[in-house]
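Below is one structure; the comments refer to it alone.
The values are calculated or read from the model by the stated rules, or taken from the named source; none is laboratory data. Keep in mind it's a predicted model, so treat the numbers as computed, not measured. As a convention, Cβ positions derive from the backbone with ideal geometry for all residues, glycine included, and neighbour counts pool all protein chains shown.
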Amino acid sequence: MQINIILAGVGGQGILTIAAVIDHAALQSGLTVRQAEVHGMSQRGGAVQSHLRISDKEIFSDLIAEGTANLILSVEPLEALRYLPFLAPDGRVVTATDSFINMVGYPSMEQILDELHHTNHPVLVNAAELAREAGNIRTSNMVMLGAAAPFIGIAAETQEASIERLFQAKGADIIAMNIRAFRTGQAFSQLQATAT
Amino acid sequence: MKQLLLGAEAIALGALDGGISGVYAYPGTPSTEITEYIQKNRGDREQAVRSAWSTNEKTAYEAALGMSYAGKRSLVCMKHVGLNVAADAFINSAITGVNGGLVVAVADDPSMHSSQNEQDSRVYGKFAMLPVIEPASQQELYDAVRYAFDLSESLKLPVLLRLTTRLAHSRAGVEESATRPQNPLNAPYAPERFVLMPHNARRQYNNLLGMQGQLEEHSEQSWLNRLIPGTGTTGVLAFGIAFNYVMEVRQAFGLDYPVLKISHYPLPRKKIEALFSSCDTILVAEEGYPVYEELLRGYFGHNKIKGRLDGTLPRAGELNADSVARALGLAKPEVIPVPAIMVNRPPELCKGCGHRDLYEALNTVMSAHEQHHVFSDIGCYTLGALAPYNAIHTCVDMGASITMAKGAADAGLRPAVAVIGDSTFTHSGMTGLLDAINDRSPLTVIIADNDTTAMTGGQNSSANGSRLLDICRGLGIKEAHLKTIIPLKSHLAENIAVLREEIAWDGVSVVIAQRECIETAARKKRNPAAKA
């Protein structure tokens, strides 16, 4: 078993929180993890990405090779497209549709959706809205993690336990809210997968 | 269970477990997290470990050497360009040698993710004629730091540990081994080693030259250098992290070429000769400069060798499994191209950042001048070079804003304006300001004091607030031309007036723009218990 995930977003959107949950869940499942992240200048509102690799064998490279990502998990729709050359032929894009516009020339949403629909059964998530429903817009990363959960190769319960651990210091309410967000994303994703 | 650690953190844990008494460092991507990890985790150690930030890499290095002189183990960390700043101390510490183990962890940044060049610190290792360790994985980093301290103490030489961005900023599970107690204080008088007057320096240098064979023998025996046997006529010589990409391709494509992994220098000659004698073609894969490819090719070339110098691998930038696969003749897979609608998303100053208000005021003032050059420096405020501000015109090395503005002023450029951060000012700006004052070079220095070293994640600065004013006074700035402004939108008119006046004045003036970094302020609010 080997899963290669590209996590994508804009500096400050918190993709490393998603990475931390998956990393820990993978370790708990007895798997090997490598997760390369971006620190430094790009964290100031630039395009950021993390290469996350999970395997039951030894992993050598911290970076994912082109055409071998099983999943692009993006918290911003344009950023999902930036890493398409990494996507495996049968790989899947799971992305939030909430755009983050902090530069000139940002394409229209129709153009972006059109490109996304060219990929293999994409899961397009109105993450901010779902997070609000779950209780707080700040849980949108956990909505996205939930939406990607079926494609990560780790049991959902293990991922939830990892969320619990991550938010432990913040108290039971925050944990419950994030678990709720995770499940909302998961349900949404399953619904979309059956629809397509 | 294994701990999930960044490569940088694996170094830190290895050093703590290996019995360091202190770490000395100035923040710099991708090395910052080594020291930060020690700062956060030193509390659970039985013996105290000092870990506060140093003013710059040179002061850090010299303090680490002093701790080693006193018999204790010390770690000093920096990014690659930081070693330029510390180079004087580094090169000469190879001549004096050390007492307690001294490991210099230097993180290079090939592809220049957050740097102004991609210099390869292994060249410095060769230059200083010291052992260099270049581990390939997070676990290897942990183990190798401990090994490097032992090696340093047994050879009585500093050991350079080189890593690159990708390993520093990638996480993997790391297994911890037993901790070792700190060394006792033990400071022998040894002026014959540590007083580098020519008569001592010559003898010490000869000793270092005489040790080179021994260093090579260590490499020959090192667990860090090993052959992965294989078949076929093509072999790979893989250095440091390049080993990972070579093995990734070998595994993914089911290939069986022999790979000699090198993570301990100087080169183990016998191991290399054995690989060369059994293969017709050798791919040399190095992360960074083709340092050893060039050496192995020799001036007249070596027809067996492929690598960065003949274009088999790209000459610049970091390696990856794709570039290594192409170098081994494997076809590029068909991939989905990046859509044509894609646009770049460059980094920017945060919304609400004080630098934005500073640049707005400065741009208004400078637009009235025919010559509106602004010399700047390294930090978040460097982002002022980008749209919409386009406010600065240079960024070269730490502190160069003030000294370049001084030189330009000496050449006759009016006005001459420098923008520098609080941390960069204390790192390397103060001495340049003293030059300008002594030489009466008309120039205005704007210190963007956001109370932190922001770009690297908000580390404490060596001086800010009123201490910066005191430093400027002490250097000789006259009270009438030492001004403070608050970069806020509501102060715009006032700030423009102050800047206009000081920039127009034909002497050395300093304007300090004081407002805390919004990121640091938010962090303090979220976590008031944590030390700033």
Conditions (1) in contact (Cβ under 8 Å) with a residue 40 or more places away in the chain; (2) more than 25 Å from the chain's Cα centre (by Cα) -> B:Tyr299 fails only (1)
Screening B:Arg345, B:Arg308 for residues that are touching a strand residue (DSSP E or B) at 6+ places or on another chain (Cβ under 8 Å), away from chain A (no Cβ under 14 Å) and either within 20 Å of B:Ile241 (Cβ to Cβ) or buried (at least 20 other Cβ atoms within 10 Å of the Cβ) (or both) leaves only B:Arg308
Picking from B:Arg500, B:Arg467, the residue that is in contact with a helix residue (DSSP H, G or I) (Cβ under 7 Å, 6 or more places away or on another chain) and either among the charged types (D, E, K, R) or under 27 Å from A:Gly45 (Cα atoms) (or both) would be B:Arg500
Sole miss for A:Gly30 among (1) at the interface with another protein chain (Cβ under 9 Å from one of its Cβ atoms); (2) part of a loop (DSSP other than H, G, I, E, B); (3) modelled with pLDDT under 95 is condition (1)
Those residues of segment A:135-182 which are among the β-branched types (Val, Ile, Thr) and more than 15 Å from A:Ala19 (Cβ to Cβ) amount to A:Ile137, A:Thr139, A:Val143, A:Thr158, A:Ile174, A:Ile175, A:Ile179
Residue hits (segment A:62-107; of a type in the set (Ser, Thr, Tyr) and more than 15 Å from B:Ile336 (Cα to Cα)) are A:Ser74, A:Thr95, A:Thr97, A:Ser99, A:Tyr106
Apart from one, (1) without any contact (Cβ under 8 Å) to a residue 60 or more places away in the chain; (2) within 30 Å of A:Asn120 (Cβ to Cβ) all hold for B:Thr312; the odd one out is (2)
Return yes or no: is B:Glu287 touching a residue at least 60 places away in the same chain (Cβ under 8 Å) and either within 14 Å of another protein chain (Cβ to nearest Cβ) or outside any helix (DSSP H, G or I) (or both)? yes
**Asked** under 19 Å from A:Leu145 (Cα atoms), within 7 Å of chain B (Cβ to nearest Cβ) and of a type outside the set (S, T, N, Q) - does that describe any residue in segment A:60-79?
**Response** no
Segment B:1-116: strands (runs of 3 or more DSSP E) wholly inside it with 3 or more residues that are in contact with a Leu (Cβ under 9 Å, 6 or more places away or on another chain), within 14 Å of chain A (Cβ to nearest Cβ) and crowded, with 24+ Cβ neighbours inside 10 Å are none
Counting only residues in segment B:237-258 that are part of a helix (DSSP H, G or I) and of a type in the set (Phe, Trp, Tyr), the one nearest to the other protein chains (Cβ to nearest Cβ) is identified as B:Tyr245
For segment A:80-98, does any single residue satisfy the condition of being within 10 Å of another protein chain (Cβ to nearest Cβ), aromatic (Phe, Trp, Tyr) and surrounded by fewer than 21 Cβ atoms within 10 Å (Cβ to Cβ)? no
Residues of segment B:340-357 being of a type in the set (A, V, I, L, M, F, W, C) and either in contact (Cβ under 8 Å) with a residue 24 or more places away in the chain or assigned by TED's automatic domain parsing to the domain that holds B:Ala513 (or both), in sequence order, are B:Leu349, B:Cys350, B:Cys353
